[in-house]
Amino acid sequence: SQQGEEDPQALSIQEGENATMNCSYKTSINNLQWYRQNSGRGLVHLILIRSNEREKHSGRLRVTLDTSKKSSSLLITASRAADTASYFCATDNQAGTALIFGKGTTLSVSS
Amino acid sequence: DSGVTQTPKHLITATGQRVTLRCSPRSGDLSVYWYQQSLDQGLQFLIQYYNGEERAKGNILERFSAQQFPDLHSELNLSSLELGDSALYFCASSPHGLASEQYFGPGTRLTVT
């Protein structure tokens, strides 16, 4: 089964609105990452948050991590049509040698 | 552009055949990872190599194998292909042998008919 599970599976918003995606995982992690994938293309790394961090910012992205609840959220502020993509959270396996991806949230931003 | 290259971009082949997918990591990256992405299974980690040695194994079938060469490029070999092997195959690289930020290639779309 997947280590990370994103919620919701799909999200549709208007340009300028904020988009929030959540990720839950099952086992202890060293870090959690978020990736973006435009349709049928390679994944692009967005942000990495370590297990001892609670919040991280990068431009319009804000990621939080709650290790007690084994969950993370990705907030995209002031969404643009170009943010339309699938977003995946990924956690490391117990050995810290690979990433385990969730099934992703598909975000659609309309103008 | 991530700096990771994959060839070919598309591959169409018949059941029972064997194919080889190639990946060149970013300059200086020692780790290469292979992933399979399909609609029903999502993005699945297959295998990782670090500086020529296998480091981790995920959901890789016995019909699949990989290697990393001294120049650090990697190949994923898929044999006795089945319809269910149709998927996008991604290669990623990272500087170290840990699950740090990974840089993904554009993928190879394999269609088995």
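A short reminder: the numbers here are calculations on the coordinates, not readings from a lab. Just so it is clear, the structure is predicted and the values come from calculations on it, not from any experiment. We place every Cβ from the backbone using ideal geometry, glycine too, and count neighbours over all the protein chains shown.
Okay, here's what the table says:
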item: Relative contact order, percent, chain B [alpha-carbon distance under 8 Å, six or more residues apart]; result: 38 percent
item: Neighbour net charge for B:A66 - beta-carbon separation under 13 angstrom, K R +1, D E -1; result: 0
item: Whole-Hz ³J(HN,Hα) from phi, Karplus 6.51 cos²θ - 1.76 cosθ + 1.60, for segment A:22-34, glycine and proline x; result: 10, 9, 10, 9, 10, 10, 4, 10, 8, 7, 10, 10, 10
item: Mean separation of Cα contacts under 8 Å (6+ apart) over length of chain A, as relative contact order %; result: 39 percent
item: A:R41 paired with B:S79, simple spin-label distance in nm, labels 7 Å along Cα-to-beta-carbon; result: 3.7 nm
item: FRET E, pair A:R54, B:Q41, Förster distance 35 Å, beta-carbon r, rounded to 0.05; result: 0.60
item: Under the Karplus curve 6.51 cos²θ - 1.76 cosθ + 1.60, θ = phi - 60°, whole-Hz ³J(HN,Hα) for segment A:71-81, x wherever Gly or Pro sits; result: 8, 9, 10, 10, 10, 10, 8, 6, 4, 10, 4
item: Label-point separation, A:S111 to A:T77 (7 Å along Cα→Cβ), nm; result: 2.3 nm
item: Note, ³J(HN,Hα) from phi for segment A:38-45, Karplus 6.51, -1.76, 1.60, rounded to Hz, x at Gly and Pro; result: 7, 2, x, 10, x, 7, 10, 5
item: Amide N of segment B:32-65 lying under 18 Å from the label point, which is placed 7 angstrom from the Cα of B:D71 along Cα→Cβ; result: B:32, B:51-53
item: Three-way shape call for the protein assembly as shown based on the alpha-carbon gyration tensor, with the a/c threshold at 1.5; result: prolate
item: Farthest positive-ward along the protein assembly as shown dipole, Cα basis, beta-carbon charges - from A:A78, A:A19, B:A87; result: A:A78
item: DSSP-defined beta bridges in chain B - what % are antiparallel, rounded to 5; result: 90 percent
item: Whichever lysines have a C-alpha closer than 30 Å to that of B:K57, once near sequence neighbours (fewer than 8 apart) are set aside; result: A:K26, A:K69, A:K70, A:K103, B:K9
item: Fluctuation leader among B:S86, B:S74, B:S27 - chain B, Gaussian network, Cα springs under 10 angstrom; result: B:S27
